[in-house]
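Computed from the coordinates by the stated procedures, all read-outs in this text should not be read as laboratory data. Just so you know, these numbers come straight off a predicted model, no measurement behind them. Neighbour counts run over all protein chains shown; Cβ positions are idealised from the backbone, glycine included.
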Amino acid sequence: MSERSNALQRVDRIREAIEEAKLDALMISAPGEENLGMESRYYTSGFTGSAGVVLVTRDRSLIAADFRYTEQAEAECLPRGFEVFPALGARKEWFAKFVGESGIAGKRVGIATHDLTYAARRSLTSLATSLPTKDRPKWVPAPDLLSKLRKTKDADELRLLQAAIDIADRAFEQLEAELVPETSELIAAEMFAANVKAEGGTSISFDTIVAGGPNGAMPHAKPTSAAIGGDCPIVIDMGAKFGGYCSDLTRTIVLGQQDARFREIYSIVFEAQRAAIEGVEAGMTCVDADGLARSVIEKAGYGERFGHGLGHGVGLAVHEDPYLGPNGSDTLEEGMVFTIEPGIYLPGWGGVRIEDIVVLENGKARVLSKARKLTPAGA
C-alpha cells in the first residue's frame, strides 16, 4: 500500500471516530499556537510546519496555514487529500471565514485537547463569540480520539520507525566501539548524536542518557563531565529520529571486567526482558504485560529496585500510548509498537536496563531493535 493510501486511510479512521463520538468535525491545534500539535498535525495531514489548524469534518479535510506556510502546506497536504485555506489577515477575520467555508458553523467540533494550551482553548472561545450566535461552533473536548488511533501503526509508520531504530542501532554500535573508560558521560552523549547524524538520522529523539557507575542508579540521570569509568556498569539510553518517527534503545555495557555482582544483576534483567518479549501477546492488559518481567525481578529479590513501568508506546513521540506498567489502563492490540525495558537500580553501585522496541504481529511480539547486547552465560 502506498504512503498516500495509508494517509487517506488515517483520515477515514478519524472520520469513523468522529461519527462514533457523535461529532461533526475534529480540530487539531488552534490559531496562534506555535509548535504545539505538530505530531498530530503531521499524523493527520503530513504538514511539518510549526503552526497550522487542521480540521477534519465528515466529508472534508482542511488545513489553515498563514503566509509563511501556505506553499509548504500545498506541497505536503494536497497529495493527502487536504484543502489548504490561506489564513491571511486579522485572526478574527480569517477564522470567521474558515468556520463558514468549512461548514462547521453551529456544529459540534471536537477539540484535540492534548494539543492545546489553556490559553489556546480560551482563544478559540473568544474567536467563536465574535461570530453570530447561530454560527458559533460548539467546542467539545475530544482528548482520546487521536491518541487511540495513534496506538496502532500502519505499514508506512512501521517503515519509518524501523529506519529510526536501525539508525540508532548503528549509532550505538559505533559509539560502543569508540568508548574508553576516560570518556566523559557528556562527550559520550555528543558522540552518539554525531553518529546519528552520520547514519542519516534527522536528530536524536530525546536527550541521551549516559550514566557510568553509581550514576546509573538514577533511571533518568543526566550526563555529567565525569568519566564513564572501567569495570563498572554504564547505562546508555538513546534514540534517533527519522521521517518524524522516534526510536528508543537502552544498553548497559562494561568497559573492562564484569564482576560477579554485575553478572548477577544483568542476568536477572536479561531474563526479565526475555520473559516479557516471549510472553506478551495481543489481548493482554498492560498490567499483566508488566507483570511478566516484574515477577522475574521480584522473585530474584529486587522488586523494590524496579521502580518504573515495563515500557511505553513509541511513534511520532518517543513516549506515547500504550503505557505498560502496574497502573496501565490499556489492552494490547495487534499493530501496537512499544518498548520492553525492565531495569534494576542500586544506589551507590549503579543500574542495569535493557530496552528494545517490539511490534505486536500475529498476536506476539516481534523485536525491531537489533543492536547487540551482552548475553549472560547460558542464556
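Observations, loosely collected:
- Rounded to whole Hz, the Karplus (6.51, -1.76, 1.60) HN-Hα couplings of the stretch 237-248, x for glycine and proline: 10, 8, x, 10, 10, 8, x, x, 9, 10, 10, 8
- Only one item in [x] 29, 58, 13, 0; [y] 27, 49, 22, 2; [z] 21, 29, 17, 20, 12, 1 matches P(r) over Cα pairs in 20 Å bins from 0, in percent derived from the coordinates shown, and that item is [y].
- Amide H to amide H distances under 5 Å link Gly110 with Asp24, Ala25, Leu26, Met27, Val140, where only residues 5 or more positions off or on other chains count and H is placed in the peptide plane.
- In order along the stretch 328-345, the phi-based Karplus estimate (6.51 cos²θ - 1.76 cosθ + 1.60, θ = phi - 60°) of 3J(HN,Hα) comes to x, 10, 8, 10, 5, 10, 3, x, 6, 10, 7, 8, 10, 9, x, x, 10, 10 Hz; Gly and Pro are listed as x.
- Under a Gaussian network description of the chain, with springs only between Cα atoms under 10 Å, the residue in Phe192, Phe67, Phe98 that fluctuates furthest is Phe67.
- Links that overshoot a 26 Å alpha carbon limit, given the list Lys22/Lys134; Lys222/Lys373; Lys97/Lys153; Lys97/Lys138; Lys107/Lys151: Lys97/Lys153; Lys107/Lys151
- Rounded, prolate or oblate (a/c below 1.5 giving rounded, otherwise prolate when a/b exceeds b/c) for the stretch 155-367 by Cα gyration tensor: oblate
- Amide proton proximity set for Ser203, modelled H, under 5 Å, gap of 5+: Lys241
- Here the dipole of the stretch 3-150 is about 520 debye; that uses its Cα centre as origin and unit charges on the Cβ of Lys and Arg (positive) and Asp and Glu (negative).
- For Gly350, the residues whose amide H sits under 5 Å from its own are Ala217, ignoring neighbours fewer than 5 places away on the same chain, with H placed 1.01 Å from N.
- When only the Cβ of Lys, Arg, Asp and Glu is charged (+1, +1, -1, -1), the dipole of the chain relative to its Cα centre reaches about 1100 debye.
- Since only Leu374, Ile265, Gly110 are under comparison, the one whose Cα sits farthest along the positive direction of the charge dipole of the chain, derived from C-beta charges on Lys, Arg, Asp and Glu, is Gly110.
- Listed residue (Ala276, Leu346, Ala90) projecting farthest to the positive dipole end of the chain, Cβ model: Ala90
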